[in-house]
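Asker: Here it is, the structure, as structure tokens.
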Amino acid sequence: MEVKMGIKLKAVAVALVLSSLLFSLAFSASNDGLVRIGLKKMKFDQNNRLAARLESKEGEALRASIRKYNLRGKLGDSADTDIVALKNYMDAQYFGEIGIGTPPQKFTVIFDTGSSNLWVPSAKCYFSVPCFFHSKYKSSRSSSYKKNGKSAAIHYGTGAISGFFSQDNVKIGDLVVKNQEFIEATREPSVTFLVAKFDGILGLGFQEISVGNATPVWYRMVKQGLVKEPVFSFWLNRNVKEEEGGEIVFGGVDPNHYKGKHTYVPVTRKGYWQFDMGDVLIDGKPTGYCGGGCSAIADSGTSLLAGPTTVVTMINHAIGATGVVSQECKAVVEQYGQTIMDLLSAETKPKKICSQIGLCTFDGTHGVSMGIESVVDEKEGRSSGLRDAMCSACEMAVVWMQNQLMQNQTQDRILSYVNELCERLPSPMGESAVECGSLSSMPSVSFTIGGKVFDLSPKEYILKVGEGAAAQCISGFTALDIPPPRGPLWILGDVFMGRYHTVFDFGKLRVGFAEAA
């Protein structure tokens, strides 16, 4: 069986985030029926920056993003479904030690709510250099090992990891999950794995996105009665000066980790922990982009906060972040800006405007690039060309102009503003930088969830790397476009989960957020 997979967000800037955010794990027992997994901080490894630079090819990143969030088709359609299990290993991740086998063989794994499989290197990985630098599972040394042998291939931006399924006991803290299916990787071709501080991944998503439909560790933990309640929760300590990195609690929540009450929203689509989100606000003012609703996922496997390029560009403009100039965007504004404004003023439906001026076709719900099935040609790995870029730029310009018209701006000011936004468009890698000295003047950015507004202040959405004159500040907002019907989709990663304690309620199929304590 072969399953196409994708890395999350492969951005050079994301790699810079690592200076204070790589973690290792320690376990602690409790007498209240909860299993606590304490997160500790590790120092940034310069080798990780090197690996990120070596792997930062824009086309690969774009293809990986497309595979990652399943832009083609529905989840679970076939064995060849596009599902995410691997990350950009340069991201800040929360990871720690588990044991596999009897007696337990120790492995460091990422605890990731954006995937659903357990994966570690195999002792049968003979021909991949990275395997020699990580712990490897040896089935011959485990009395509880059971052979499976079904093959699996995981594709991502710069190569593929392949291996096979096995079955054994998995120890997490003091709990032992019996007869757990996991992947033994026999091939790791990437330089990323060479310098990674972890061995594999333990996915905490739903079985719907599990490679080979393997039962996730969390499912077995619940079924075998190992936890008090079918609930787990994340508290991420974002104070870089403190050694403690946070805590994952299996079986419930720790009241010491949050203030007030959680706001819960139902899971709308099992796979990722996906839910409906309302509008995004900049400095308290609605952007209007998600006024009709957007989808979002809570994802511990992504360090930043990813969203549609249209809104991320508006945010980066508002906070003074510098991206890459988009000539296509400026060309659209120059040639069609006045026409777009006239059509908006005439109350033409915004979704139909770009098709009316000939830059997109309209499929009844949204604009579609003419003659283009997807952003990337899977076989050739190339972007679909200028027409696709012009359609995308037009649709963004419509949203931006509509936002300004709502604020009763003059036409000259609107055209000037949209041109400024073109300047702020992030590169295909998604990164944007800001001046470290201007944090105090930056606006808040807020997300509406369950009817409540969740604010992020500049110090919470800007990631500072380094000290003094050498310090660099990175916008925590990165661009990732997932088209309808699955998108627009926001990925609320560690930037958001650090401010808001997050509860993953498996029993009631809901996600909860409260201010972290």
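Asker: For segment 442-452, what does the Karplus curve 6.51 cos²θ - 1.76 cosθ + 1.60, with θ = phi - 60°, yield as ³J(HN,Hα) per residue in whole Hz, taken in order and with x for Gly and Pro?
Answerer: 7, x, 6, 10, 10, 10, 9, 10, x, x, 10
Asker: While we're on this one: Could you pull out every residue, at least 5 positions away or on a different chain, whose amide H is within less than 5 Å of the one on residue 510? Hs are placed 1.01 Å off N in the peptide plane, and Pro or chain starts have none.
Answerer: The list, which skips near neighbours in sequence, is 267, 505.
Asker: Additional query: Given the Cα-Cα distance of residue 213 and residue 459 and 0.36 nm per residue of separation, how much length would full extension add, in nm?
Answerer: 84.5 nm
Asker: Next question. Label points 7 Å out from Cα along the Cβ direction at residue 331 and residue 411: separation in nm?
Answerer: The modelled label-to-label distance comes out at 2.5 nm.
Asker: If you count, for each residue, the other Cβ atoms within 10 Å and average over each peptide, how do 315-321, 110-116, 457-463 line up from highest to lowest?
Answerer: Output ranking for 315-321, 110-116, 457-463: 110-116, 315-321, 457-463.
Asker: Let me ask you something else. Where Rh is the Kirkwood radius over the Cα pairs of segment 461-517, the temperature 37 °C and the viscosity 0.692 mPa s, what D in µm²/s does Stokes-Einstein return?
Answerer: Reported coefficient: 233 µm²/s.
Asker: Sort 283-291, 306-314 by the packing proxy (mean of other Cβ within 10 Å over each peptide's residues), most packed first.
Answerer: Going by the mean number of other Cβ atoms within 10 Å, highest first, we get 306-314, 283-291.
Asker: Report the full-extension gain for the segment residue 126 to residue 285: residue separation times 0.36 nm, less the Cα-Cα distance, to one decimal in nm.
Answerer: Working: separation 159, 0.36 × 159 = 57.24 nm, distance 5.65 nm.
Full-extension gain reported as 51.6 nm.
Asker: Apply the Debye scattering formula to segment 414-517, with a single equal point scatterer on each alpha-carbon and no solvent, then give log10 I(q)/I(0) at q = 0.15, 0.19, 0.20 Å⁻¹.
Answerer: The computed values of log10 I(q)/I(0) come out as -0.84, -1.21, -1.28.
Asker: Fully extended, how many nm does the chain gain between residue 178 and residue 229 (0.36 nm per residue separation, minus their Cα-Cα distance)?
Answerer: Values: separation 51, 0.36 × 51 = 18.36 nm, distance 1.84 nm.
Going from the current span to full extension adds 16.5 nm.
Asker: Moving on to the next point. In segment 176-297, if the dipole is taken from +1 on Lys/Arg beta carbons and -1 on Asp/Glu beta carbons about the Cα centre, which of 222, 179, 255 is farthest to the positive end?
Answerer: 222
Asker: Once you place label points 7 Å from the Cα toward the Cβ at residue 263 and residue 452, how far apart are they in nm?
Answerer: Inter-label distance under the simple model: 0.6 nm.
Read-outs: derived from the displayed coordinates by stated rules, not from any lab. Just so it is clear, the structure is predicted and the values come from calculations on it, not from any experiment. For neighbour counting, all protein chains shown are included, and Cβ atoms are generated from backbone atoms with ideal geometry for every residue, glycine included.
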